[in-house]
Amino acid sequence: MDELAKVAQALVAPGKGILAADESSGTIAKRFDGIGVTSTEETRRAYRDLLFTAGAEDWISGVILYDETIRQNGADGTPFPQLLAAKGVIPGIKVDLGAKPLANAAGETITEGLDGLRERFAEYRELGARFAKWRATYSISETLPSEYCVWTNAHALARYAALAQEAGLVPIVEPEVLQDGTHTLERSAHVTGHVLAAVFTELRDQRVQLEGMLLKPNMVLSGYSATDRAGVEEVAEATLRTLRRHVPAAVPGIVFLSGGQSDEDATAHLDAMNRRGPQPWQLSFSYGRALQSAALEAWRGDDGNVAAAQAAYAKRARLNGLARAGRYEPALEDA
């Protein structure tokens, strides 16, 4: 368990965060469609190689890979996990098989993938992974999420986390309360807190060692379609208040997901939280779109644009690294 704690602490080292490059083939195909690139195994490999060789390791501590990606090689033939490790970046792996409709619960989901997970963990560790990720999702409305959805997903998250630690991998536990809708900041805080309470109850019941895991939650936000959305400072205060009430201090770090936020908002919110002084845990990031969108737009599948795309990705990584210390300024966006 000491080794798991060391890896968890390394993933939330000061000034660094995690790149979520674990999009499924279907998800990355949609993103490629947006820039006019056909999604093939080679274009996906080339794009991930672009990110992993961008020189962003000063601000990136780990990378979450997809099943296809962990088996691929860089342009020089080096397997991606080895390529990353040589740069001091810890390779990780997404292991859930996605959210599926929850039986007898209209509009709610359960994340699948527990069957055979012990064997998959053994293989992923052999391939070089040192941490893992599992995502559960919850919708907000006046009546959702149901207790059934909250506790069923909490149980699955904890089962995954226990199996990950058994295999010698640090589990990133991702209970994502989706922020689509018109809900208020207060409703988001209530639902997020309820979800976190259930998750940590199950983690304790299933003997997960908190020192050897990380939490990847949503920030507490007004619904994306709300007419009166909370500002940066309100979001920071509501998020920290919710976390302090529900996340044990034994957890080494919280690595926020960006969800549907803009690149700038995701960075500004993280910065505002870190400006509020030390918390019981490191406050970091595990962003996908909020780190990659500028790089995708710059690249557009053209080899001649690789350097520009790498610079765009490295810039976003650096700005989020500054936000980890409360040193981000909006003016840096135009620098």
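The values are calculated or read from the model by the stated rules, or taken from the named source; none is laboratory data. Quick caveat, the model's predicted, so the values are computed rather than measured. Counting neighbours? That spans all protein chains shown, and the Cβs are built from the backbone with ideal geometry, glycine included. Heavy atoms of the whole protein, side chains included, go into the accessibility calculation; ligands, DNA and RNA do not. Shrake-Rupley method; radii C 1.70, N 1.55, O 1.52, S 1.80 Å.
Translational diffusion of the chain, estimated by Stokes-Einstein from the Kirkwood radius over alpha carbon pairs at 10 °C in a medium of 1.306 mPa s, is 80 µm² per second.
Quick one: length gained pulling Glu234 to Thr78 fully straight, 0.36 nm per residue minus the C-alpha distance?
Extra length from Glu234 to Thr78 when fully extended: 51.6 nm.
The portion of the accessible surface of region 227-294 made up by carbon and sulfur, rounded to a whole percent, is 45 (1.4 Å probe; DNA, RNA and ligands excluded).
Only the Cβ atoms of Lys and Arg (+1) and of Asp and Glu (-1) were treated as charged; on that basis the dipole of the chain about its Cα centre amounts to roughly 640 debye.
For Gln282, the residues whose amide H sits under 5 Å from its own are Gly253, Ile254, ignoring neighbours fewer than 5 places away on the same chain, with H placed 1.01 Å from N. The mean sequence distance of close C-alpha pairs (under 8 Å, at least 6 residues apart), as a share of the length of region 261-335, puts its relative contact order at 44 percent. With springs connecting C-alpha atoms under 10 Å apart, model the chain as a Gaussian network and identify which of Ala105, Ala238, Ala136 has the largest mean-square fluctuation. In this elastic network of the chain, the residue with the biggest mean-square fluctuation among Ala105, Ala238, Ala136 is Ala105. Take the Cα radius of gyration of region 132-246 and divide it by 2.2 N^0.38 Å, N being the number of residues; the result is 1.08. Between Asp180 and Ile35, the simple spin-label model (points 7 angstrom out along Cα→Cβ) gives 2.4 nm. Within region 271-299, name every residue whose backbone N is under 18 Å away from a label modeled 7 Å from Cα of Ala335 along the Cβ vector. Once the point is set 7 Å along Cα→Cβ of Ala335, 271-272, 274-275 turn out to lie under 18 Å by backbone N, inside region 271-299.
How big is D, in µm² s⁻¹, for region 188-335 by Stokes-Einstein at 25 °C and 0.890 mPa s if Rh is the Kirkwood radius over C-alpha pairs?
For the chosen part, D equals 149 µm²/s.
Averaging the sequence gap over all C-alpha pairs within less than 8 Å and six or more residues apart, then dividing by the number of residues, gives the chain a relative contact order of 20 percent.
Only lysine pairs 8 or more places apart or on separate chains count here, and in the chain those with Cα atoms under 16 Å apart total 7.
Where nothing but the Cβ of Lys and Arg (+1) and of Asp and Glu (-1) is charged, how large is the charge dipole of region 176-320 around its Cα centre, in debye to the nearest 20? Spell out each step's value before the answer.
Details: 15 positive and 17 negative charges, 85 e Å.
Charge dipole of region 176-320: 400 debye, to the nearest 20.
Do the sum for the chain: with -39,500 (n - 2.57) for every DSSP H run of n ≥ 4, divided by all residues, what is the mean residue ellipticity at 222 nm, to the nearest 500 deg cm²/dmol? Provide the component values of the computation, followed by the final result.
Details: 11 runs with 146 residues, N = 335.
Value at 222 nm, helices only, nearest 500: -14000 deg cm²/dmol.
Here region 1-77 is treated with +1 on each Lys and Arg Cβ and -1 on each Asp and Glu Cβ, and its dipole about the Cα centre works out to around 180 debye. Take the chain, connect every pair of alpha-carbon atoms lying under 10 Å apart with a spring to form a Gaussian network, then pick out the residue of Gly253, Gly301, Gly77 with the largest mean-square fluctuation. Greatest mean-square fluctuation among the candidates belongs to Gly77. In this label model, Ser25 and Arg118 are separated by 2.9 nm, measuring between points 7 Å along each Cα→Cβ vector. Of the residues Tyr224, Tyr47, Tyr148, the one with the largest accessible area comes first in the ranking Tyr148, Tyr224, Tyr47, computed with a 1.4 Å probe on protein heavy atoms.
Heavy atoms of the protein chains alone define the surface here; on that basis region 131-228 has 36 Å² accessible area per residue at 1.4 Å probe size. So how far, in whole Å, is the C-alpha centre of region 17-68 from the one of region 298-332? The two parts, judged by their Cα centres, are 15 Å apart.
For the chain, a Gaussian network of Cα nodes joined below 10 Å ranks Thr239, Thr267, Thr227 by mean-square fluctuation, and the top entry is Thr227.
Extension gain for Glu211 to Ala307 (0.36 nm times residue separation, less C-alpha to C-alpha distance): 30.7 nm. Beta bridges per DSSP, both residues in the chain: antiparallel share near 10 percent.
Summing Lys and Arg as +1 and Asp and Glu as -1 over all other residues whose Cβ lies under 13 Å from the Cβ of Arg289 gives a net charge of -3. Residues in region 318-335 carry Karplus couplings, in order, of 5, 5, 6, x, 5, 4, 4, 9, x, 10, 7, 10, x, 5, 5, 4, 9, 6 Hz; the curve used is 6.51 cos²θ - 1.76 cosθ + 1.60 with θ = phi - 60°, and Gly or Pro positions show x.
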